[in-house]
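The values are calculated or read from the model by the stated rules, or taken from the named source; none is laboratory data. Quick caveat, the model's predicted, so the values are computed rather than measured. Note that we place each Cβ from the backbone using ideal geometry, even for glycine, and neighbour counts take in every protein chain shown.
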Amino acid sequence: MSALPGIPRIALTWLLVAQLLVILPHLLHLPLWVIALWLGAAGWRVQIFRMRARYPNGWAKGGLMLVVLAGVLLSRGTLVGLDAAVVLLIATFILKLLEMRTRRDALVLIFLGFFCVVTAYLFEDGIVAALYSLLPVTALLAALVGLQHSGFAERPWPTLRLAGGLLLQALPLMLLLFVFFPRMGPLWSLPMPSDKGVTGLSDSMEPADIAELSRSSALAFRASFEGPVPPRDQLYWRALTLERFDGRRWSQSNYAELPSAPQWRKAGEPLDYSIVMQPSGKPWLFALDVGEVAQNESRMMTDFRWQRRRPVDRPLLYQARSWPQALREADAEPPALRRALQLPEQGDPRSRAWAAELQREHPQAEALVAALLQHFNREPYVYTLRPQPLGRDSIDEFLFDTRRGFCAHYAGAMTFVLRAAGIPARVVTGYQGGELNPGGNYIQVRQFDAHAWVEYWQPEQGWRSVDPTYQVAPQRIELGLEDALGEEDGFLDDQPFSPLRYRELAWLNQLRLGWENLNYGWQRWVLGYQGEQQLKLLHNWFGNLDWQRLALALVGSGTLLIGLLALWLLKPWQQRADPQRQAFRRFERLLARHGVRRQAGEGARAFAERAGRELPAQAPAIQAFARCFEAQRYAGQPASRAALRQALGELRRALPWRLLR
Amino acid sequence: MRAALKPLWGRWLARRIPPAASVRLNQRRIFILPSRVGAAFAVALLLMLLVGINYQNSLAYGLTFLLMSVFVVAILHTYRNLAGLVLKAGGGGAVFVGEQARFRVRLESREREHQAVALGWPPNELVLRDVPRLGQAEADLSLPAVRRGWLRPGRLRVESRFPLGLLVAWSWVDLDQALLIYPRPLEGDLPLSVGLGAEDEEEGMRARGRGADDFQGLRDYQPGDSKRRLDWKAYSRGQGLLVKDFAMLSGRDLWLDYDSLGGDSEMRLSLLCHWVLQLSERQQPFGLQLPGQVIAPDQGEGHRDACLRALALFGERP
């Protein structure tokens with residue numbers, strides 16, 4: 001088969017179908033001209049098949065490649081990097097269609113197709129994407145079957161059924177491999193797709209930033225507690241602290257990057273939970289205060305935040321344990337406190353004056369904080385997603401003029417006043433609350449749960465958290481953003497199709513929660529099944545991890561699976577044994593019992609004649625069987641099991657009865 | 001190394017798959033290995049696995065494992081496509097050197113259908129056949145006949161790559177087939193001899209026997225004479241219907257004699273072959289003398305075949 005046979009029609013059909021199915025999910029992140037390229041190439045290929053067009057010559061191919069390169073350069077701005085590489089890969093996949101002449105070309109195309117399916121996973125790896133990808137894979141396998149030169153492979157549906165059947169039969173073994181195959185870390189680091197829209201907190205905060213986040217219903221993370229879920233108003237998921245203020249923007253201090261863990265004392269009952277984080281493109285992890293995170297390559301930084309060495313660019317699962325009543329940095333050092341007192345030289349004079357006044361009235365820090373909170377509670381402050389824009393002295397304007405703001409406004413203003421009054425304070429950002437999914441007993445935290453609050457420091461008490469937003473809009477903390485905003489404000493206004501908008505429809509909400517549940521399971525058990533997660537699961541199943549035992553289990557159960565499949569496919573019990581030979585063997589055994597044994601190489605007739613001589617009384621019956629056997633076996637008479645059996649029966653009756661030895 | 005292993009391999013095969021006119025393929029007789037396409041597939045899977053590892057992407061792992069498993073499952077399917085197939089020698093007619101020897105092989109299904117079964121003798125192209133369930137298919141395999149004598153084609157390769165082409169399952173089957181190859185007919189002088197052991201009574205006979213044209217004797221056509229023996233040239237000259245007659249030697253038998261010819265033995269056999277065919281066609285009785293072997297004068301199909309067989313096997317061990 002070394003010659004290069006052409007491509008059967010059926011294989012071409014399946015290739016075109018498969019190609020369409022492979023490219024479809026890529027269209028979400030591919031430039032649109034790729035569709036035109038595919039339509040053109042497919043049309044051209046069909047015309048070639050109908051002998052109405054010719055294969056492109058070298059010039060045409062070169063020209064097309066240049067056009068593609070130019071297209072990638074125009075739409076991606078570069079020819080390197082993952083995004084450009086994927087466009088190039090798909091374009092190659094499409095153009096290969098045009099120069100596909102032989103079976104070998106078709107094979108290249110099919111293998112390229114499998115690879116393109118894998119690259120699509122880098123952009124989308126939900127349940128839907130995974131299930132969908134079975135379609136192109138089936139079509140590619142059908143094309144592979146169609147390349148076989150058989151009458152069977154010329155029919156479309158049988159090829160498809162066979163391809164689907166192969167996939168189904170492969171499924172158990174695949175699950176086995178998935179569970180047991182050892183996962184290792186990346187061999188070399190690769191760029192991640194930049195198109196993957198990542199929203200989330202950033203390391204600096206202008207008052208409007210968090211309001212921007214609250215327009216997004218995208219998932220930030222999910223957390224499942226081992227015990228009961230704490231009440232909503234205790235769920236302050238810390239991400240990081242902002243210590244530097246430039247008059248307008250709060251940002252992280254450089255010092256926070258230093259990896260020197262702060263001292264703290266455990267107190268009270270710990271909370272145990274696990275978190276599956278969505279990719280954020282940022283290195284920090286979320287935890288309740290004060291959390292301990294069990295994650296390789298991550299550590300607690302000076303401001304109690306947890307940080308990983310690499311950014312979280314794929315879903316990440318980690319275990320955490322928190323002590324909500326812990327005492328944090330009871331004896332902080334002066335430089336740290338100085339950083340928590342930093343203010344711009346100038347600006348916001350009214351706020352500074354008010355802070356001085358408060359300080360005079362309340363020499364005790366606790367009293368001052370209480371007074372400040374009371375101020376927010378009593379005065380007509382409004383919690384809104386659409387605050388008015390603020391001018392140069394943003395704190396002043398917010399505190400005394402507009403009095404409309406979002407959590408970032410309140411946290412920023414409070415921290416400013418505390419600092420101005422000589423109390424070390426800083427802004428903490430993270431998420432607050434989350435939606436409890438009753439089906440799975442876990443909390444889902446979305447981007448619109450992003451929050452900012454305040455923590456201040458007092459000798460011997462260390463850092464204490466306080467949330468000014470609670471004073472203005474307690475519903476925000478107790479119920480969530482939607483309830484806090486009420487009718488007035490546009491919750492998810494620009495996401496008309498978000499199922500979150502239709503929560504009042506009970507059945508729809510049920511459906512949505514069920515779907516979320518499924519997705520969570522998918523993430524925990526499929527997407528998150530890497531490294532530690534795998535070790536943990538295998539440890540639960542097999543006790544002490546012993547790679548030898550695991551390998552044995554894998555090989556053993558794999559062999560078992562394949563054996564079962566082989567039994568089912570080959571059905572050895574159905575293989576009809578040769579009935580004539582069976583009858584002859586019975587005939588031999590019968591005579592052997594009477595002392596006549598067939599010698600090696602003795603034919604049926606010779607044996608029967610000899611037996612007839614030794615048992616003359618039964619000679620006719622013996623001859624009759626032998627004739628019947630010979631007629632069926634060698635003279636081409638129709639095989640009849642019944643005739644043989646009858647002849648054998650007569651012989652048995654003719655022989656004297658004998659005890660079996 | 002390969003050459004050294006070859007006889008060993010042949011002996012092992014002969015023990016495992018002994019020659020027989022009907023062979024059923026089973027697990028003792030079927031070998032299976034990845035094909036070149038399968039190797040390329042494995043490379044593609046490796047690349048996919050690298051994507052899975054480097055991007056820590058579970059779905060990439062998943063698809064890689066799925067296709068790996070498909071590969072494993074395909075082993076069973078490829079094996080199944082050959083298993084249970086029965087091959088039977090279907091005979092074939094004798095041919096002359098230089099022609100294509102055709103062997104007929106019958107493929108029978110006892111249980112399931114067998115798709116795209118390829119069979120043949122490897123340097124030659126394999127022939128593809130589908131065998132329907134409980135049905136049969138026939139394949140005519142041809143081999144060039146290069147040497148007279150028995151043509152034993154050796155072990156027949158039966159292979160299948162169905163369904164995916166990733167693996168090739170094959171067997172080497174000896175259907176114990178052999179075809180007789182006659183020498184290539186070569187036109188030339190009629191090698192006559194007067195008779196076995198007879199003293200030359202008629203001196204001129206051999207001289208007149210030189211060349212076919214000289215030899216022709218003609219007599220009037222009588223109903224019942226073969227039309228092939230009509231002398232059309234004479235007829236066109238207006239001499240009436242005449243029949244070419246060899247019977248002028250009647251009374252004496254016509255002997256084709258190996259020893260009366262010159263040249264090497266193959267050439268002599270070729271000339272004899274030509275005349276065996278010619279004389280048989282003209283329904284002329286003749287005898288054949290070969291060194292150590294004499295076939296008495298006779299005519300008819302059986303006689304011709306016996307003579308050709310003697311020519312084909314001349315000098316070979318029986």
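With the condition kept exactly as written, say whether any residue in region B:99-111 is part of a strand (DSSP E or B), under 12 Å from the mean Cα position of the chain (by Cα) and more than 30 Å from B:E266 (Cα to Cα).
Yes - at least one qualifying residue is present in region B:99-111.
For region A:112-127, give me each residue that is more than 16 Å from A:A85 (Cβ to Cβ), part of a helix (DSSP H, G or I) and facing another protein chain (nearest Cβ under 7 Å).
A:F114
Going by what's in this entry, would A:W237 be described as under 27 Å from A:A408 (Cα atoms), at pLDDT 90 or above and of a type in the set (F, W, Y)?
Taking the combined requirement at face value, the residue satisfies it.
I'd like to check something: does region A:43-60 contain any residue that is closer than 26 Å to B:M48 by Cα, touching a residue at least 24 places away in the same chain (Cβ under 8 Å) and part of a helix (DSSP H, G or I)?
So far as region A:43-60 goes, no, none of its residues is closer than 26 Å to B:M48 by Cα, touching a residue at least 24 places away in the same chain (Cβ under 8 Å) and part of a helix (DSSP H, G or I).
Restricting attention to region B:154-173, which residues are surrounded by fewer than 19 Cβ atoms within 10 Å (Cβ to Cβ) and more than 14 Å from chain A (Cβ to nearest Cβ)?
B:G154, B:R155, listed by residue number.
State which residue is nearest to the chain's Cα centre (by Cα) when the search covers only region B:127-150 and only residues that are buried (at least 18 other Cβ atoms within 10 Å of the Cβ) and within 22 Å of B:R24 (Cα to Cα).
The selected residue is B:L141.
Output the number of residues of region A:161-180 satisfying the condition of being in contact (Cβ under 8 Å) with a residue 60 or more places away in the chain, of a type in the set (A, V, I, L, M, F, W, C) and more than 7 Å from chain B (Cβ to nearest Cβ).
3
Can you tell me which residues in region A:49-103 are β-branched (V, I, T), within 15 Å of A:L30 (Cβ to Cβ) and under 31 Å from the mean Cα position of the chain (by Cα)?
A:V72, A:V86, A:V87, A:I90, A:T92, A:I94, listed by residue number.
A:Y529 passes all but one of (1) in a helix (DSSP H, G or I); (2) within 28 Å of the chain's Cα centre (by Cα); (3) not small (G, A, S); which number fails?
Every listed condition holds for A:Y529 apart from (1).
Yes or no, residue by residue, for (1) in contact with a Pro (Cβ under 6 Å, 6 or more places away or on another chain); (2) among the small types (G, A, S); (3) modelled with pLDDT of 85 or more; (4) crowded, with 19+ Cβ neighbours inside 10 Å:
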{"position": "A:V67", "(1), (2), (3), (4)": "no, no, yes, no"}
{"position": "A:L73", "(1), (2), (3), (4)": "no, no, yes, no"}
{"position": "A:G81", "(1), (2), (3), (4)": "yes, yes, no, no"}
{"position": "A:A85", "(1), (2), (3), (4)": "no, yes, yes, no"}
{"position": "A:A91", "(1), (2), (3), (4)": "no, yes, yes, yes"}
{"position": "A:L95", "(1), (2), (3), (4)": "no, no, yes, yes"}
{"position": "A:D125", "(1), (2), (3), (4)": "no, no, no, yes"}
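Just checking: which of the helices (runs of 4 or more DSSP H) contained wholly in region A:128-246 hold 1 or more residues that are within 28 Å of B:M48 (Cβ to Cβ) and aromatic (F, W, Y)?
A:156-180
Criterion first (within 34 Å of the chain's Cα centre (by Cα) and crowded, with 21+ Cβ neighbours inside 10 Å) does B:A74 satisfy it?
When the stated conditions are applied, B:A74 does not pass them.
For region B:145-184, which residues satisfy the criterion of being closer than 30 Å to B:L271 by Cα and outside any loop (DSSP other than H, G, I, E, B)?
B:G149, B:W150, B:L151, B:L179, B:L180, B:I181, B:Y182
Can you tell me which residue is farthest from B:L180 (Cα to Cα) among those in region B:288-308 that are buried (at least 16 other Cβ atoms within 10 Å of the Cβ) and in contact with a Gly (Cβ under 8 Å, 6 or more places away or on another chain)?
B:P297
So is B:E99 away from chain A (no Cβ under 14 Å) and either of a type outside the set (G, A, S) or out of contact with any Phe, Trp or Tyr (no Cβ under 8 Å at 6 or more places or on another chain) (or both) or not?
When the stated conditions are applied, B:E99 passes them.
Kindly indicate which of A:R104, A:R155 is closer than 30 Å to B:R80 by Cβ, at the interface with chain B (Cβ under 10 Å from one of its Cβ atoms) and of a type in the set (D, E, K, R).
None of the other options fit; the residue is A:R104.
List pairs: first in region A:536-564 and assigned to a loop (DSSP other than H, G, I, E, B), second not polar (S, T, N, Q), Cβ under 8 Å, 6+ apart or cross-chain?
A:L545/A:L535; A:L545/A:L538; A:L545/A:H539
Just to be sure before I move on: is A:W568 more than 14 Å from chain B (Cβ to nearest Cβ), over 30 Å from A:L648 (Cα atoms) and either touching a Leu at 6+ places or on another chain (Cβ under 8 Å) or of a type outside the set (A, V, I, L, M) (or both) in the structure I sent?
no
Quick test for you: out of A:Q575, A:Q582, pick the one residue that is farther than 21 Å from A:L648 by Cβ and modelled with pLDDT under 85.
From the options A:Q575, A:Q582, the qualifying one is A:Q575.
Which residues, taken from region A:577-616, are assigned to a loop (DSSP other than H, G, I, E, B) and either more than 22 Å from B:R112 (Cβ to Cβ) or touching a Lys or Arg at 6+ places or on another chain (Cβ under 7 Å) (or both)?
Correct list: A:H594, A:G595, A:V596, A:R597, A:R598, A:Q599, A:A600, A:G601, A:E602, A:G603, A:L615.
Take region B:132-141 and flag every residue that is facing chain A (nearest Cβ under 10 Å) and either assigned to a strand (DSSP E or B) or of a type in the set (S, T, N, Q) (or both).
Correct list: empty.
Looking at region A:95-103, is at least one residue among the basic types (K, R), part of a helix (DSSP H, G or I) and under 25 Å from A:A53 (Cα atoms)?
yes
The conditions are (1) touching a helix residue (DSSP H, G or I) at 6+ places or on another chain (Cβ under 9 Å); (2) facing chain B (nearest Cβ under 7 Å), and A:Y132 fails exactly one of them. Which is it?
(2)
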